[in-house]
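The values are calculated or read from the model by the stated rules, or taken from the named source; none is laboratory data. As the structure is a prediction and not an experimental result, all values here were calculated from the model. Heads up, the Cβs are rebuilt from the backbone with ideal geometry, glycines too, and the neighbour counts pull from every protein chain shown. Heads up: the accessible areas ignore ligands, DNA and RNA and are worked out on the full protein's heavy atoms, side chains in. Shrake-Rupley method; radii C 1.70, N 1.55, O 1.52, S 1.80 Å.
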Amino acid sequence: ADKITNVTHVLHAADAADVLRSQPDTIRRVWLLAWQGDVMDPQAITAGLLETIGTQHSVEVAFGDVDLAYFTLNRPLNALHVPDVRDAAMFPLPDGLSLQTTELLTPTTVSAGDRVTIHGWWVRRDDADNDLRVSIRLIGADGKTYSQVDQPPAGWIFYSSRWTPGKLVMGDYAVIISDAVPKGSAQIELVLYNSKNVFSPATVQVGSVSVR
């Protein structure tokens with residue numbers, strides 16, 4: 001577990017997954033405690049991995065610099081999977097970053113108030129600036145955009161200039177199903193753009209959910 005608690009380096013996905021997978025398969029509830037976690041785990045990779053095999057529940061308590069999260073797991077910890085870094089990326093970009101793959105974690109059927117969670121896995125190949133933005137969008141059955149959140153690929157703390165080249169970085173994205181979203185199939189897409197307009201925006205189709 002020292003890979004997760006070691007504050008002298010940034011935690012990478014493979015290290016976190018190795019530690020979590022080594023825990024007993026009987027674990028079905030996890031409390032995640034982090035003190036100034038944005039220092040050693042700026043991409044919140046531990047929580048992100050747990051999202052893939054369970055559900056995070058709200059903890060209505062504030063502890064200053066200490067963050068507390070609670071997860072119930074529907075699969076064992078050894079089911080955690082981190083994608084391999086691929087030479088043929090899903091979406092290479094001209095600024096030295098590449099989107100390796102995306103994953104829609106939300107159940108296929110959702111209702112108003114539900115959270116739609118998407119993971120994007122990234123790699124920095126070369127020198128990279130901090131100007132890439134990801135626009136997470138929910139498109140209703142009528143073709144209108146009902147939710148949009150724009151951010152850097154791994155959030156506002158872990159800019160791409162801090163990434164270790166060749167190491168996977170996870171972007172944890174979410175949009176909320178509002179009451180205005182019409183029933184039917186809603187599309188989830190990522191629009192990748194440069195805040196200084198270095199290249200033309202590109203759209204990545206992530207998947208769809210059924211709004212009831």
Scanning the stretch 7-54 for residues that are assigned to a strand (DSSP E or B) and open to solvent by 70 Å² or more (accessible area, probe 1.4 Å) gives Arg29, Trp31, Leu33, Trp35
Restricted to the stretch 55-93 and to residues being of a type in the set (Gly, Ala, Ser) and either at pLDDT 90 or above or open to solvent by 40 Å² or more (accessible area, probe 1.4 Å) (or both), the residue nearest to Ile27 (Cα to Cα) is Ala79
Residue set Ser178, Ser135, Ser185, Ser208; condition within 18 Å of the chain's Cα centre (by Cα) and within 17 Å of Pro107 (Cα to Cα); output residue Ser208
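So that you can scan it fast, the table gives a plain yes or no per residue for (1) acidic (Asp, Glu); (2) outside any loop (DSSP other than H, G, I, E, B); (3) closer than 23 Å to Pro92 by Cβ:
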| residue | (1), (2), (3) |
| --- | --- |
| Ala128 | no, no, yes |
| Val134 | no, yes, yes |
| Ala154 | no, no, yes |
| Asp172 | yes, yes, yes |
All-but-one check, Ser208 against (1) surrounded by 16 or more Cβ atoms within 10 Å (Cβ to Cβ); (2) at pLDDT 95 or above; (3) under 18 Å from Gly48 (Cα atoms), failing number (3)
Does Lys167 meet the test of being under 20 Å from Pro94 (Cα atoms) and not aromatic (Phe, Trp, Tyr)? yes
Going through (1) within 14 Å of the chain's Cα centre (by Cα); (2) at pLDDT 95 or above one by one, Trp156 fails only at (2)
